[in-house]
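Just so you know, all these numbers are worked out from the coordinates, no wet-lab data involved. Computed from a predicted model, the values in this text were never measured in an experiment. For neighbour counting, all protein chains shown are included, and Cβ atoms are generated from backbone atoms with ideal geometry for every residue, glycine included.
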Amino acid sequence: MIATSNSPTAVRSEDSHIVRPWQDVTAIGQNEATVLKGSSGIYVKDAEGNSLIDGPGGMWCVNVGHGRREIIDAVVKQMGELSYFSPWTMSAPVTTKLAQRLASIAPGDLNNVFFTTGGSTAVDSALRFVFFYNNCLGRPDKKQIISRVNGYHGSTYLSSSVSGKKSEKAHMDMAEGLCHFISNPKPKNRPKGTSVAQFGDMLITELEDKILEVGADKIGAFIAEPVMGSGGVIVPPEGYFKRCHEICRKYDILFIADEVVTSFGRLGYHFASKDVFGVEPDMITTAKGLTSGYLPMGALLISDRLINNINASTNEYRAFTSGFTYSGHPASAACAMANLDFFAKNRLLEHVRDIAPYFATAMNSLSDLPVVTDVRVVGLMAGVECELDASNPDEDRDCAFASKVDEACQDLGLLVRPIYNSCVMSPPLTITKPQIDTMVSILRAGIMKAAAKQ
């Protein structure tokens, strides 16, 4: 199942009216784009009929793989019965059942489900709930947020304002004074002579120092991905996530776990916060794997504790005046239910936990390549960092190299997602050991091919 053409299919004319995400608007209609016309399992097919392994799993989201008939049929059936309802005043059985199902598998007391249209709007809703919560409790100044450098939380005004990918904020306005950023928990970047454990201690001290600097009475929430996704698959030091949660509890700061990437199987569990990192957050944001990308949907899960605290603060009307036209859309809810059914029927979580060590070994085998300076793997997500000259860092040079690896791999039959100077893999969770071998062998060939041209 490897592409045989000399180059990926690319077009200009079909994109002449599309402004894509992160598009250079001075070159609309000029940038090449691969045209995909089919998909099945872990593969997509381009317009020339070449099969390509979907290494990024779409955008971390095609967890059950492409073309699952049972999901498609469930969506069609639901649309034939009820295609829409107004979430302000009405409900639908399928959406109610999905909310109950999510509450039953969520950690701790996260029993309240607020449906959104995707990950960005889930994070946006979480931040708005922080403001709402503290207003209800008579703490109007407790609104500021702590986030991390290179963390990514979305593209709405609020979610982008708390994202820490500085290079992507050029020419864009952000909410000034809202967010305070602490260090990227990337072990590779720790000070020379510092152990990973000592680096973890430094990060926790930094978080507490930031709280004391700003004032706990001013900080409403800390938001963090258990594993940074779009920051390059950054796996923090052991115990980091749990210790951050403990610090937040100490200072009465809400803990938001952004699990848009890590939920629904990417790390082998429905939610990674508790099962992998030992944390029961105040809120969890999710999307992507919730529907495996078949339809747009996201959700914010809110703890009973927060709802109870609001109820205890007043007997007056308190409306969370936020929502979306497509909140809890019945077709998307049916998609999510069928997606979760697929997980259960095919024991997909167990499969991920079983195959993850093999995946890690295969990805780490790339460490022998001279340009590979770090391999980060957890569950079924990995980042292979490349530097052409580690003694002479050059971010632009190495980011360009990762893009060249992507091009080379696509010629060989593999889609790669270059993030900064890392080649990121997050394949469909259904991937098998032989398919992992093929994927890694192509990635190795692609890195070598790109390096040979330097």
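Every Cα-Cα pair of the chain was included, and the share exceeding 34 Å stands at 33 percent.
Counting only lysines at least 8 places from K165 when in the same chain, those with an alpha carbon closer than 23 Å to its own are K143, K186, K188, K210, K288, K404.
GluC sites (Glu not before Pro), restricted to the stretch 38-83: which are DSSP loop and have at most 14 other Cβ atoms within 10 Å? Working shown, then result.
On the way: sites: E48, E70, E81; in loops: E48.
Those satisfying the criteria are E48.
Considering Cα pairs under 8 angstrom that are at least six residues apart, work out the relative contact order of the stretch 71-345 and quote it in whole percent. It would help to have the intermediate numbers written out before the result.
Values: 496 pairs, mean separation 82.2, N = 275.
Answer for the stretch 71-345 is 30 percent.
Listed from fewest to most Cβ neighbours within 10 Å, the set S125, S230 follows the order S230, S125. Sorting T117, T430, T325, T285 from the fewest to the most surrounding beta carbons within 10 angstrom yields T325, T117, T430, T285.
Counting Lys and Arg as +1 and Asp and Glu as -1 over every other residue whose Cβ lies under 10 Å from the Cβ of G268, the net charge comes to -1. Computed from the C-beta positions of T314 and M90, the FRET efficiency with R₀ = 30 Å rounds to 0.65. Counting beta carbons within 10 Å around each of Y157, Y294 and listing the fewest first gives the order Y157, Y294. The distance between label points at K166 and N392 comes to 2.4 nm (points 7 Å beyond Cα on the Cα→Cβ vector). Site pair S16 and Q198 shows an inter-label distance of 6.1 nm when each label is modelled 7 Å from Cα along Cα→Cβ. Spin-label model, N135 to T325: label points 7 Å out along the Cα-to-beta-carbon direction sit 2.4 nm apart.
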